[in-house]
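Colleague: The following block contains the structure, expressed as structure tokens.
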Amino acid sequence: PKASTNVQLSTNHSRRKKKQMATHSSSTGESFSMPTTTTSTPPSSDRHRFNSWALLFLFSTLALTAHETDDSNANAGANKLVTAVSSITLIISAIGSIAHLGFSGLLSSMFVGTLIEGLLALIALALWAGCLPVVMDPRKGLAQMYVGKQSDEVIDYQPIISNANLYFCSWGAAICVLSVFAQYVRERLGGSSRGGSGMGYTNLWYLLGLASVVVVIEGMRFKNQVCVIDGGAETATCGRNTYGLVTGIIGLIVSVIISLFSSFGKDSALVTTVSSFLCAILYTICAGLLTFDKGPATYVGNQYLAAWSGFFLSFAIFGSVVKEFMGVAGGPSSGASANNDGEEDEEN
């Protein structure tokens, strides 16, 4: 035992001596190892924004192509708007993608994480926020149109997709630019560095807010364009549409408040859990009333997809937050503490 103790002591002494030599050589600038080249890895938020900028470029290109190759568009004003918005966001997204690639150090330093990136992202978001309702208006016939199911004296008008490429690419561009702006705002506000229980769910709350906006817009459109027509829809259908309208308003208010607190890193696990549970219950009833039987969205269109998106997004947020709240899945903070504990064990 005495001999083994001496061997262990000598081993620990030699390890400490090697660490001291390494520290001394690094402090004096001497290195006895082969020179290595270090490459800077972009932060995770910048890498995610590059993906969003690149996808925005792709969807803007496809939306422009789908619109220009559609011969059925007869609305000159709407055609010019879609062409202009798609072209402008295509140029903006190309600049953003190139800047995040880092080919030009000057462009990257002037763009990535600066006010210029935020301003261009806000411009692109505003353009698509103004263009998307025009593209999705069934009366203009660009991406959707009204069809009717004749039933006795009720026509039962509902919007359906008429140009699938323009429809999905326009939504893809809008979601990508919203993702870019949300990630930029969170980084500027310092939410990623402050942490918070909902740090990984900020984008999901933004998407739930977008789905709620669509539910509200489509509900108002159906109310003002179909329910006011004699025989346009049944009374039960308009009543279900009203419930969807109320659900969209509540979902929008909750998602905006929680996403803002999450961006500041000031969110609470309990509040997030209760809010996501409320949205899950509301959207479960909403999806059932709007898309089944006498609902106003039994055909595939904006209202149909938004109702089911709200359903799945709210349950995705609720399930993930409950697992973290109950300690089933570790969040970012627990992962960081685990790494720190591992480093302390290695040092000991």
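The values are calculated or read from the model by the stated rules, or taken from the named source; none is laboratory data. It should be emphasised that the depicted structure is a prediction, and the values quoted were computed from it without experimental measurement. These accessible areas exclude ligands, DNA and RNA; they are computed on the full protein's heavy atoms, side chains included. Shrake-Rupley method; radii C 1.70, N 1.55, O 1.52, S 1.80 Å.
Colleague: So what's the Cα pair-distance distribution over segment 103-147, bin width 10 Å, in %?
Modeller: 25, 28, 20, 17, 9, 1
Colleague: If you don't mind, another one. Considering just Cα atoms, how many Å³ per residue does the convex hull of segment 51-123 enclose?
Modeller: Residue-normalised Cα hull volume stands at 78 Å³.
Colleague: Explain nothing, just compute: Karplus ³J(HN,Hα) = 6.51 cos²θ - 1.76 cosθ + 1.60, θ = phi - 60°, for every residue of segment 99-114 in order, whole Hz, x for Gly and Pro.
Modeller: Listing the rounded values in order: 5, 6, 5, x, 5, 10, x, 5, 5, 5, 5, 7, 10, 5, x, 9 Hz.
Colleague: Can you work out the accessible area per residue across segment 64-144, with the rest of the protein chains kept in place, probe 1.4 Å, in square angstrom?
Modeller: 47
Colleague: Let me ask something additional. Hey, which of these cross-link pairs are over 29 Å Cα-Cα: 80/294; 140/223; 140/294?
Modeller: As for pairs spanning more than 29 Å Cα to Cα, those are 80/294.
Colleague: Over segment 65-165, consider all pairs of different Cα atoms and compute the Kirkwood hydrodynamic radius from their mean reciprocal separation; express it in Å, one decimal.
Modeller: So the Kirkwood estimate lands at 16.0 Å.
Colleague: Also: Provide the gained length on full extension for the span residue 147 to residue 257, in nm with one decimal, where the gain is 0.36 nm per separating residue minus the Cα-Cα distance.
Modeller: Contour length minus Cα-Cα distance gives 35.9 nm.
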